[in-house]
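Reviewing the structure listed below.
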Amino acid sequence: MSMRMRLLCGALCLAWWPAAQAACPPEGSTLESLQAMKLLRFAVDDPATRDTLALGLVDCLGDPDPALRDGIAYEALAHWMRAGALEPSSLRALRDRLYAVVDGGEGDGFARPFAALVLSEVARTDRISPWMTPQERTRMVDKAADYVESVQDYRGFDDKQGWRHGVAHGADWLMQLALNPALDLAQAGRILAAVATQAVPESAHAYVFGEQGRLVRPVVAVARHGLLTDADWATWFASLPPRMGEAELAYADSDWLARRHDLMTFFTSLYLEADQSSDERIRALKPAVVAALKTVP
């Protein structure tokens, strides 16, 4: 490349860079000011300023720097929501902006899973102190289930870029919805259907970052409501082994082996959760889990 072309490329890159990065840090903030806010445990006294900053930090959920994405943007949003610092109107605005992110493309793979993780905190606020209408809650269950079913980026942790963890973050979102006292049978079924798609993913990805343990949590939360009969649970668990693939592929196909690994890890984690629970509705899952396990080659 000639010197003239290099200079031209450099100029174009410099012209593009601020525009591409302008959304994070949010307008009126700098990396240094956000770091200072973290040192002050995310204290922002003015509610209007805090609300504006909360919406602005959504763009930082896609930042490749884990210290900014995870350590500041996610932590700040989770902190404010757990402290009850965001009013329902602000939570609705935040939720809708996050919906737009999870409805978007994978990109570098950071924004969607971290939006899902923040949405789990939004769902938690409604569980602790209800503010969503039944229609809004049902829509969120559908959004969360659609997101979990859509995940195809299975990257977990990277030593330099940190976490993506799309399946696990989606499972956390489903769990908070499943824990909600207002959960109904239709919502429970939608959650379980989404879990099934990733408990044994069609892509035959073998999990190594603890995803199966996270997928178990919404199942346990659903069981706590007592909405499903023993027969319902038996049917649901029995539907999972066929997801491994055709029987003639057993132990002779790498994809089949990866799916078996995922299924066995899921069943084992779930059995342990049920076995150690003091809730009889959760302990009642054990026979159905064992019956399904016996069908796995």
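Each reported figure results from applying straightforward, stated rules to the coordinates on display, with no laboratory input. These numbers come from a predicted model, not from an experiment. Here the Cβ positions follow ideal geometry from the backbone for every residue, glycine too, while neighbour counts run over all protein chains shown.
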(request) With a cut-off of at most 15 other beta carbons within 10 Å, and DSSP calling the residue loop, which trypsin sites (Lys or Arg not before Pro) in segment 41-106 qualify? Please list them. (result) Arg41
(request) Neighbouring Cβ atoms within 10 Å as the yardstick, rank His165, His205, His79 fewest first. (result) His79, His205, His165
(message) Taking loop as defined by DSSP and a crowding limit of 15 other beta carbons within 10 Å, which trypsin sites (Lys or Arg not before Pro) in segment 202-257 fit?
(response) none
(request) Please check the chain for the longest run free of GluC sites (Glu not before Pro) that are loop-located per DSSP (anything but H, G, I, E, B) and have at most 11 other Cβ atoms within 10 Å. (result) 28-245
(request) Return the Cα extents of segment 28-162 along principal axes one, two and three, sorted largest first, each rounded to a whole Å. (result) 38, 36, 22
(message) Please list 3J(HN,Hα) in residue order for segment 185-195, calculated via the Karplus relation 6.51 cos²θ - 1.76 cosθ + 1.60 where θ = phi - 60°; whole Hz, with x for glycine and proline.
(response) 5, 5, 5, 4, x, 5, 5, 5, 4, 5, 4
(request) Would you mind getting the Kirkwood hydrodynamic radius of segment 215-297 from its Cα pairs, rounded to one decimal in Å? (result) 13.2 Å
(request) Over the chain, consider all pairs of different Cα atoms and compute the Kirkwood hydrodynamic radius from their mean reciprocal separation; express it in Å, one decimal. (result) 20.8 Å
(request) Post the alpha-carbon centroid distance, segment 224-262 to segment 25-66, in whole angstrom. (result) 43 Å
(message) Order these by the 10 Å Cβ neighbour count, fewest first: Asp279, Asp253.
(response) Asp279, Asp253
(message) Taking a virtual spin label 7 Å from the Cα of Ala193 along the C-beta vector, which residues in segment 132-151 bring their backbone nitrogen under 20 Å of it?
(response) 134-151
(message) Test of understanding: ordering Leu177, Leu68, Leu249 by Cβ neighbours within 10 Å, fewest first, what list do you get?
(response) Leu249, Leu68, Leu177
